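Notes follow once the structure below has been shown.
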Amino acid sequence: MISAAGPDQARASRRPSWLGRLTWVAWRQDRAAAIGLALGLGALALFIYFTALKAHGLSARFQDHCLLLHSPVPVGCATLFPPMQGARLAPLLAPTAIGMFLGAPLLAREYAAGTTRFAWTQGSGRTRLVVTRLILAALATLAAGAGLGWVAQWSLTPDAKDLPLSLAVGWQALPFNATPLTLAGGALLGLAVGVLAGAAARRVVPAMAATAAVGIAVFALSYRLHDRLLGLGARTTRALAGVQPWGRATPNGLISLDRVSGSGSSGWPGSWLSQGWYTGPDGHRIIGGRVPQLMSMSLRQLTGRHISFWVSYQPARRYELLVSVQAGLTVLLALILGALAVGLVRRRNA
Amino acid sequence: MTTLAGAREASGTGGWRPPWLGRLSWVTWRQHRATLIGLAGFAALIAAVELVSGIRVHSLWDSAVRDGCVNPTNWAGPCRPLLSPFDVGWPLSYGYDLGQLLALLPIAIGMFLGAPLLAREYASHTTRFAWTQGAGRTRLTVTKVVLLGLAVLVVAAVMGWLGQWSMQPIITLSSGGFDRWQPGLFVTAPVTEAAAATLAYAFGLLAGVVTRRVVPAIAATAVATLALALLTYSRLHYWLLGLGLRQGADPAMGANPNVGYSGNRFDLHEVSGGRWLDQGWYAGPGGHRLSGTLAGKLVANPGLQAQLHTTFQVTWQPAGRYWLFQFSQGGAEVLAALLLGALAIWLVRRRKA
């Protein structure tokens, strides 16, 4: 197939263009991985879909027995809302699996088997062949990631307005990474990491292992950096009523709130409350051991002592913007890694 | 190396030389040293996390003991800053992260040690040479599989033991958030962690023999081990701990069963006084289970329990059965691993190189 692609292109105008022929070559070479991955991701999507259906059936009972009778919401009620499982699995599994099973072997297998010596010396050229394969794999990856993200988001959406604050999760790290945009970006990054690892290692198993390690590390890092992202351009306001300073206090007086503001609890429904802090009568932030004591006081007690509670938050309407920022950064990083892999291919001997 | 091993073995002339086991061990090391070094690095990383965090946690615990903040636990005064990390601080994050890290270890062993072990030899056709030497394919394969399996067993057990050691103070002070009965800790204890790693390794081995190709074998192992880990965590664990339950009334739990319920029963799945509580339900004066609707009213208004003469019944596992269940789960997994390994060896013997 490959040897026919070069000469044919020059002289046979009635035949398909080089792009069509290289697409066919790419499909023939990677069809097993593509089909296997499609089946795996399809199974994951079905798992998310069916657990979401189960949750819809549970919705009435969930609300009757978990929301109305208890405050705070019982721990066990979370187990009645299984779509969280899907939203947890998709962002970690999909990019890592795509990187390991599609990205890493894409070039590493050809290097290891020595077929590059034949394939890359044909008329179409190694760069065009590799770039075509990478672009096709990237497009398929973007589509798969976006589709899986859509299913994950759908599984979380239907009853979100009725959920307790602790389960209204759109802003939290894992579901945030499972939107169509962010998951597509993450999947593309996974593919790029795998391709680069394969081009660098030139062996399949080490490339897969490296991709797995990097994929998990990137996932953990994105989880850690999530708070930073949501802190970009955050607004600050004084809490008037209803914001319980529930969270972890740090020695510098900042309290991680990490929750969504509800319609009944504040003036910014749907906003992401990032951090909170207390200020004394002089307007300075209170730090140290007093903070945990203040956290157990009511708003009336605080007002009596001229202590204010401030929060930093992201307005609800910025959600799509921040999702796009994260997805854009991930895609940019993936493009850089992909370009690096192509650079390695061009620079090294076949 | 293989040629020499076989020839020496066959000739029977080297009495002063090491036995065949030593030579085949050397062959095994030479063939898989890159993988072993990589996995050892991963295990060392986990061990370092466990060791450093364990020392920090035990240091906090020692301070709390010195200041009289534990036994019984005292959250007031100067004890609050000492104990608060166990309530809302980094030890809890460490506990969750550790569970995930230790869950990854068996999967990594299955994917990167078990699956390529024979699949790579099949794929590169080196079996045609290696398995026709004097040592014989069965002895060579069994030696490799057993030696690496023993290494997997020991390393995973050590990782599990370090994890349990580092979690001890957190288990004691985390107000029930962590306990050795909970699935996250139960399945990563030394016995169960070692058994799960051995099972994943055996599955990878079998997948490699069946597919004879590296990437499909790794993919099959990834899917199977991940599915088994999730199934064990979310279903099999609770099924296992539901065997041979004891039953009795628990009025304190009935006053505030802070869990969701399904139909007319509560899935408690928590620890109380060292016992594993499985399920609970409100029973009427005649001992029959009350309906979900009535149970909902009793939860909302505990005062009704006395008026209606109801009791809250729970089923539980005694604390003393913990090791019985550990060895039951571990034993079942090791047995399954042995069966899968034997099947792989049988396939190796039956098929052409």
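The values are calculated or read from the model by the stated rules, or taken from the named source; none is laboratory data. Just so we're clear, the structure is a prediction, and the values are computed from it rather than from any experiment. Backbone-built Cβ (ideal geometry, glycine too); neighbour counts: all protein chains shown.
Scanning the stretch A:86-129 for residues that are at the interface with chain B (Cβ under 10 Å from one of its Cβ atoms) and under 18 Å from the mean Cα position of the chain (by Cα) gives A:Leu89, A:Leu92, A:Leu93, A:Thr96, A:Ala97, A:Met100. The residues in the stretch B:106-116 that are touching a Gly at 6+ places or on another chain (Cβ under 6 Å) and away from chain A (no Cβ under 11 Å) can be counted, and the count is 2. Counting only helices (runs of 4 or more DSSP H) that sit completely within the stretch B:235-353, those holding 3 or more residues that are within 30 Å of B:Tyr122 (Cβ to Cβ) and modelled with pLDDT of 90 or more correspond to B:322-350. Checking the stated criteria, B:Val146 turns out to be surrounded by fewer than 21 Cβ atoms within 10 Å (Cβ to Cβ) and among the aliphatic types (A, V, I, L, M).
Here's the yes/no breakdown for (1) at pLDDT below 95; (2) among the charged types (D, E, K, R):
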{"site": "A:Leu189", "(1), (2)": "no, no"}
{"site": "A:Pro206", "(1), (2)": "yes, no"}
{"site": "A:Val214", "(1), (2)": "yes, no"}
{"site": "A:Arg228", "(1), (2)": "yes, yes"}
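I'd like the residue in the stretch A:206-234 that is within 14 Å of another protein chain (Cβ to nearest Cβ) and of a type in the set (Val, Ile, Thr) and, out of all such residues, is surrounded by the most Cβ atoms within 10 Å (Cβ to Cβ). Result: A:Thr211. Evaluated against (1) outside the structural domain of A:Thr132 (by TED's automatic domain parsing); (2) modelled with pLDDT of 85 or more; (3) loosely packed, with under 15 Cβ neighbours inside 10 Å, A:Trp310 falls short on exactly one condition, (3).
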